[in-house]
1. Using DSSP to define loop residues, name the chymotrypsin sites (Phe, Trp or Tyr not before Pro) in the stretch 171-272 whose beta-carbon has at most 15 other beta-carbon atoms within 10 Å.
2. Which whole-Hz ³J(HN,Hα) couplings does the stretch 87-102 yield from phi under the Karplus relation 6.51 cos²θ - 1.76 cosθ + 1.60, θ = phi - 60°, glycine and proline marked x?
3. Mind giving me the nanometre distance, one decimal, between the label points for Asp54 and Glu34, set 7 Å out from Cα along Cα→Cβ?
4. Taking θ = phi - 60°, what integer Hz values does the Karplus form 6.51 cos²θ - 1.76 cosθ + 1.60 yield along the stretch 173-181, in sequence order, with x for Gly and Pro?
5. Please state the shape class of the stretch 205-270: rounded when a/c is under 1.5, otherwise prolate if a/b exceeds b/c and oblate if not, all from the C-alpha gyration tensor.
6. Each label point is 7 Å from the Cα along the Cα-to-Cβ direction; what then is the distance between the points at Glu74 and Lys10, in nm?
7. Specify which labelled value, from [x] 126; [y] 149; [z] 181, agrees with volume of the Cα convex hull per residue in Å³ derived from the coordinates of the model shown.
8. Kirkwood hydrodynamic radius, computed over distinct alpha-carbon pairs, for the stretch 29-140: how many Å, to one decimal?
Amino acid sequence: MELGKIQKLKVKEMSPHGAILTDGNEKVLLPNNESKDLKIDGEVEAFLYKDSKDRLIATLKTPYLTVGKIGMLEVVAKSRVGYFVNIGLDKDIFLPFKEVNGRIFVEGKYLFYMYDDRGRLCVTMNLRDHLKRNDKFRVNDRVEGTIYAIDRNYGAFVAIYDEYDGYIPKEELKGAHTVGERIEARILRILKDNKITLTFRDYAYKQRKDDAEEILELIKENQGKLNLGDKSDPEEIKKVTGLSKKAFKRAAGTLYKMEMIEITDHSLELKE
């Protein structure tokens, strides 16, 4: 019998506490509240886990996640040694502090991998070793995913469709992002080892148009003048607009060519 997995078992006998299920070698109890309508020699699909007294027990309920799988779960409690997440059963599953990525909160939903830790079901947020490398996507494909880790020096790590590993370099990040956030992105590169690099930027011609529209809105929101220009600090540009200085200058240039703004060293102003 495999802890943390759904398996086919046969009803061997009925007891005062419920049905005794077997795989032909081992036996496990399915409690009374789930076994009243079962018959001896009947087959069921049951999930095996440990109860509050650390006894192996079966349930016919389908959990949100099983061993070896990745899925989104809610954090429901915090203790001195870790957190607990809800998998849709009577007992919550343990998340050790060492398996946490970044700041997480009770009632927050995050991506987890379930594993068997020497007879105890646990989950981890360290997903990289459990995600596949690319074998189906192409450059410029648009994909969805969940951010599972953020490193300020490198960028954000993404589980694409909760199955494939992806990475957004820090220079491609726009605005603030959090672990557990669902995103849409475009595949920028696929490396020789099949690692996937993502970007929030669209195709170049469309991105220039979108960036220009955002800059124009910022200028309008600031009474027709934005105190950023050709010689402004790149960090200040990034902070205010979310764009790199290069992208900012391209967007401003687009608006200038359309005769919508005037550009100075330290400002952009709407033309009257």
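1. Working: sites: Phe200, Tyr203, Tyr205, Phe248, Tyr256; in loops: Phe200, Tyr203.
The qualifying sites are Tyr203.
2. My calculation for the stretch 87-102 gives 10, x, 10, 5, 10, 7, 9, 7, 10, x, 3, 5, 9, 8, 10, x Hz in order.
3. Each label point lies 7 Å from its Cα, and together they span 2.2 nm.
4. The phi angles translate into 6, 10, x, 8, 10, 10, 5, x, 6 Hz.
5. Details: a/c = 1.34, a/b = 1.05, b/c = 1.28.
Rounded, since a/c falls under 1.5.
6. Roughly 4.0 nm, to one decimal.
7. Matching the structure shown: [z].
8. Details: mean 1/r = 0.0632 Å⁻¹.
Over the stretch 29-140, the inverse of the mean reciprocal pair distance is 15.8 Å.
All of the numbers you see were taken from the coordinates with simple rules; none came from a lab. In this text the structure is predicted, and so the values were computed from the model without any measurement. Using ideal geometry, Cβ is built from the backbone for each residue, glycine included, and neighbour counts are taken over all protein chains shown.
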